[in-house]
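*Asks:* Have a look at the structure that comes next, please.
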Amino acid sequence: MNVQIEESWKQHLAPEFDKPYFVKLTDFVRSEYAQGTVYPPGRLIFNAFNLCPFDRVKVVIIGQDPYHGPGQAHGLCFSVNDGVAFPPSLVNIFKEIESDLGKPMPASGNLTRWARQGVLLLNATLTVRARQAGSHQRHGWEEFTDAAIRTLAEEREHLVFILWGAYAQRKGAFIDRTRHLVLTSAHPSPLSAYNGFFGNHHFSLANDYLTAHGETPIEW
């Protein structure tokens, strides 16, 4: 199967592309794009992988679903295109960065700048029907993104996995904590941010760990 994904990821995930679940998933996703509006645009489905090759990953942040409103999703979890209003969770992420590191709220919610530094911004489900949150869950994407996380956890050393909320924590439960730094807290959503997201210091903790292992810290 000819999957348009960055070459190093293509090699590491090659076993997935011919599995029955992925063939069914591909058929489902193609039919969804043919029938109506689906986010992100098709060319950006694998944007998280394409911007952050396998051997350059330093930090993994796990989201759940792409944004399902017009112009928001572009293949990176929590990120929105330039000029798009910040969703509430992203506002809270930037508030925590300001509190943790003293960096003021940026002008854009586009996190491509993080991805280019080695932050894999990975949603568990990579596509969604317009205005229908969760509409592409349980069609195979979760199995594919589990494989990506597992491959990183098993083949790389000293990565930082950032798991916000119960969903991400379940998805990353198998990661070896003796081999990687796993940071967990409440989700940045307004419903839970005051229950442990604010004050988690994940951004400085991630950078401290990277520095301790000879990596350049992330410019959050």
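*Asks:* Scan around Val182 for amide H atoms under 5 Å from its own, H built in the peptide plane at 1.01 Å from N, and keep only partners 5 or more places away or cross-chain.
*Replies:* Phe161
*Asks:* A further question follows. Dipole of the stretch 67-175, Cα-centred, from +1 at each Lys and Arg C-beta and -1 at each Asp and Glu C-beta, to the nearest 20 debye? Provide the component values of the computation, followed by the final result.
*Replies:* Working: 11 positive and 10 negative charges, 61 e Å.
I would put it at about 300 debye.
*Asks:* Still on this structure: Can you pull out the trypsin sites (Lys or Arg not before Pro) in the stretch 85-192 whose DSSP state is coil and whose Cβ has at most 10 other Cβ atoms within 10 Å?
*Replies:* Working: sites: Lys95, Arg113, Arg116, Arg129, Arg131, Arg138, Arg150, Arg156, Arg170, Lys171, Arg177, Arg179; in loops: Arg116, Arg131, Arg138, Arg156, Arg177, Arg179.
Sites meeting the loop and neighbour criteria: Arg138, Arg177.
*Asks:* When only the heavy atoms of the protein chains count and the probe is 1.4 Å, how do Thr125, Thr211 rank by accessible area, highest first?
*Replies:* Values: Thr125 0, Thr211 80 Å².
Ranked from most to least accessible, the order is Thr211, Thr125.
*Asks:* Applying 1/(1 + (r/R0)^6) with R0 = 25 Å to the Cβ-Cβ distance of Phe174 and Ala14, what FRET efficiency is obtained, to the nearest 0.05?
*Replies:* On the way: r = 21 Å, r/R0 = 0.84.
The value I calculate is 0.75.
*Asks:* A further question on this structure: Whole-Hz Karplus ³J(HN,Hα) for the stretch 102-118, in order, using 6.51 cos²θ - 1.76 cosθ + 1.60 and θ = phi - 60°, x for Gly and Pro?
*Replies:* Running phi through 6.51 cos²θ - 1.76 cosθ + 1.60 with θ = phi - 60° gives x, 8, x, 3, x, 6, 10, x, 7, 9, 3, 4, 6, 4, 5, 8, x Hz.
*Asks:* Tell me, what is the percent relative contact order of the chain, built from C-alpha pairs under 8 Å that lie six or more residues apart? Please list the in-between numbers first.
*Replies:* Numbers: 369 pairs, mean separation 50.1, N = 220.
Here the relative contact order equals 23 percent.
*Asks:* Of all the accessible heavy-atom surface of the stretch 1-132, with the other protein chains kept in place and a 1.4 Å probe, what percent is carbon and sulfur? Don't skip to the answer; put the middle values down first.
*Replies:* Values: 2960 of 5680 Å².
With neighbouring chains kept in place, the figure for the stretch 1-132 is 52 percent.
*Asks:* Which of rounded, prolate or oblate describes the chain when judged by the alpha-carbon gyration tensor and an a/c cut-off of 1.5?
*Replies:* On the way: a/c = 1.72, a/b = 1.24, b/c = 1.39.
It comes out oblate by the Cα gyration axes.
*Asks:* Applying a 10 Å radius around every beta-carbon, put 23-29, 181-187 in order of their mean neighbour count, most first. The partial results should precede the final answer.
*Replies:* Working: 23-29: 15.1, 181-187: 19.3.
Sorting 23-29, 181-187 by mean packing, highest first, produces 181-187, 23-29.
*Asks:* Between Arg150 and Leu205, what FRET efficiency comes out of the Förster formula 1/(1 + (r/R0)^6) with R0 = 22 Å and r the beta carbon distance, rounded to 0.05?
*Replies:* 0.40
*Asks:* Using the Karplus curve 6.51 cos²θ - 1.76 cosθ + 1.60 with θ = phi - 60°, what ³J(HN,Hα) values do you get for each residue of the stretch 60-72, in whole Hz, with x for Gly and Pro?
*Replies:* 3J(HN,Hα) across the stretch 60-72, in whole Hz: 10, 10, 9, x, 10, 9, x, 4, 10, x, x, x, 7.
*Asks:* For Arg56 and Gln35 in one chain, what is 0.36 nm times their gap in residues minus the Cα-Cα distance, to one decimal in nm? Intermediate results must be reported in sequence, preceding the final value.
*Replies:* Working: separation 21, 0.36 × 21 = 7.56 nm, distance 3.63 nm.
Full-extension gain reported as 3.9 nm.
*Asks:* Run the quick spin-label model on Ala130 and Ala166: label points 7 Å from Cα toward the beta carbon, then report their separation in nm to one decimal.
*Replies:* 3.3 nm
*Asks:* Roughly how many Å² is the accessible area per residue of the chain, as a whole number, for a 1.4 Å probe? Let's see the in-between values first.
*Replies:* Numbers: 9810 Å² over 220 residues.
Computed with neighbouring chains in place, this is 45 Å² per residue.
*Asks:* Follow-up. Rank these by accessible area, largest first, 1.4 Å probe: Tyr21, Tyr167, Tyr194. Kindly include the intermediate steps, with their values, before the conclusion.
*Replies:* On the way: Tyr21 30, Tyr167 60, Tyr194 185 Å².
Largest accessible area first, the list is Tyr194, Tyr167, Tyr21.
*Asks:* May I pose another question? Compute the length gained on full extension between Asn195 and Lys103: take 0.36 nm times their separation in residues and subtract their Cα-Cα distance, giving the result in nm to one decimal. Kindly include the intermediate steps, with their values, before the conclusion.
*Replies:* Values: separation 92, 0.36 × 92 = 33.12 nm, distance 2.25 nm.
The Asn195-Lys103 span can extend by a further 30.9 nm.
*Asks:* Counting only the heavy atoms of the protein chains, how much of Val38 is accessible to a 1.4 Å probe, in Å² to the nearest 10?
*Replies:* For Val38, solvent-accessible area is about 10 Å².
*Asks:* To continue, here is another question. Rounded to the nearest 10 Å², what accessible area does Lys19 show when all protein chains are kept and the probe is 1.4 Å?
*Replies:* Its accessible surface works out to 80 Å², give or take rounding.
The values are calculated or read from the model by the stated rules, or taken from the named source; none is laboratory data. As the structure is a computational prediction, the values presented were derived from the model and not from experiment. Neighbour counts run over all protein chains shown; Cβ positions are idealised from the backbone, glycine included. Quick note on the areas: whole protein, heavy atoms, side chains included, nothing else; ligands and nucleic acids left out. Shrake-Rupley method; radii C 1.70, N 1.55, O 1.52, S 1.80 Å.
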